[in-house]
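A quick write-up on the structure given underneath.
The values are calculated or read from the model by the stated rules, or taken from the named source; none is laboratory data. These numbers come from a predicted model, not from an experiment. FYI the Cβ positions are ideal-geometry reconstructions off the backbone, even for glycines, and counts take in every protein chain you see.
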Amino acid sequence: MDHQHLTAQLEALLRETYGLWGPGWVTFNWRNYTYDHVQRVRRLATELARRQGGDVQVVELAALLHDLTKPFDGEYQTGADGKRIVDAQGFWHNETRLPERHNDITRRYLALGLSGSLHNMSGAVLARELLSTMGVGSMTVEQVARAIEEHLIPPDDASLESHCLYDADTIDANIGLPAFVRNIYINLHFYDSRRADDEAPIAETLARDPARFLAPYIHENLPRWARGKRQDFVDKLTTSAARDLASARLDRLEHLFAELAEELPHVTPGADHSRIDLLLHYMRCGDDPSIWDETERLAHEWRTPDTPLPTCDMIEALRQEMLGRC
């Protein structure tokens, strides 16, 4: 089987597998997030592999399968003190979350007794079985499984392919415009559970007085979030290509956040397709959203003479980052 045919089959299998769980949130993710995330990591990891001289095909297969068993991760386990339980490496323990329906992947997971194992370990086990049955050579299978196993924390002797996958996974979840849109959804998801009793639900606030939410979010939350990502993640990246790309994405974000803060007092939300309107659009499309699908729709529907150039540029920059090109 040629590589293109193989990856197409794996994509279809992933869509089917992720769809076996119902919609809804678990920890900081929602159902449609995982497939989108995997595709972004795939594109970014292969770009890093090209820049660093790694095996692009191994990296692409590992990226496609690195979260193969992630949907089984349920809510975080907590101890008697209410704090999350972590292992010796600092990984959180999750409850096992079973699907509503089954396919070959979920049946293999249960038959192999993988419940309770970290998704990098269970994913490596299933990737070995899956790729072997699809006729992939044993050396490639082992390289892919190793990269999946090492993608949470690469050991000192990790392969270059493992480093490319780890860096791409870290960047996508934390640094850049896709991570910013994810931050929007995370903030909205947790807003109602944390708001004071006398405050309106977030849907009502966004409908009646969006500036009440947007002002502190843009002026305080986003700059703090970007500073934290620069401080906590850039130095942990393991390839020079990833550090360069992450720094460029953060520069872009910080520039955008400063401009949004300047724009906010001068726009009428819902009236002019401004970048503030763009944020509100994502905020109001929070029912199991696909960041890729929604951005592609906006790129088509907002491509009009009336849409300001900065908004078009922001949509296109988001698309390019999701394609792993910048």
- prompt: Given 274, 290, which one is in contact with an Asp or Glu (Cβ under 9 Å, 6 or more places away or on another chain), among the hydroxyl-bearing types (Ser, Thr, Tyr) and over 16 Å from residue 321 (Cβ atoms)?
  reply: 274
Looking only at segment 236-270, and only at residues there that are free of Cβ contacts under 8 Å to residues at least 24 places away in the same chain and within 30 Å of residue 49 (Cβ to Cβ), the one that is surrounded by the most Cβ atoms within 10 Å (Cβ to Cβ): 243
statement: In segment 275-318, anything of a type in the set (A, V, I, L, M, F, W, C), in a helix (DSSP H, G or I) and touching a residue at least 24 places away in the same chain (Cβ under 8 Å) is listed as 276, 278, 279, 280, 283, 291, 292, 314, 315, 317, 318
- prompt: Among (1) modelled with pLDDT of 95 or more; (2) in the same structural domain as residue 13 (by TED's automatic domain parsing); (3) touching an Asp or Glu at 6+ places or on another chain (Cβ under 7 Å), which single condition is residue 162 missing?
  reply: (2)
- request: Evaluate the following for residue 11: is it in a loop (DSSP other than H, G, I, E, B) and either within 23 Å of residue 321 (Cα to Cα) or out of contact with any strand residue (DSSP E or B) (no Cβ under 8 Å at 6 or more places or on another chain) (or both)?
  value: no
- line: Of the candidates 217, 191, 185, the one satisfying the condition of being within 30 Å of residue 305 (Cα to Cα), at pLDDT below 95 and either part of a helix (DSSP H, G or I) or not polar (S, T, N, Q) (or both) is 185
- prompt: Could you list, in sequence order, the residues of segment 273-316 that are small (Gly, Ala, Ser), crowded, with 18+ Cβ neighbours inside 10 Å and either more than 22 Å from residue 218 (Cα to Cα) or within 17 Å of the chain's Cα centre (by Cα) (or both)?
  reply: none
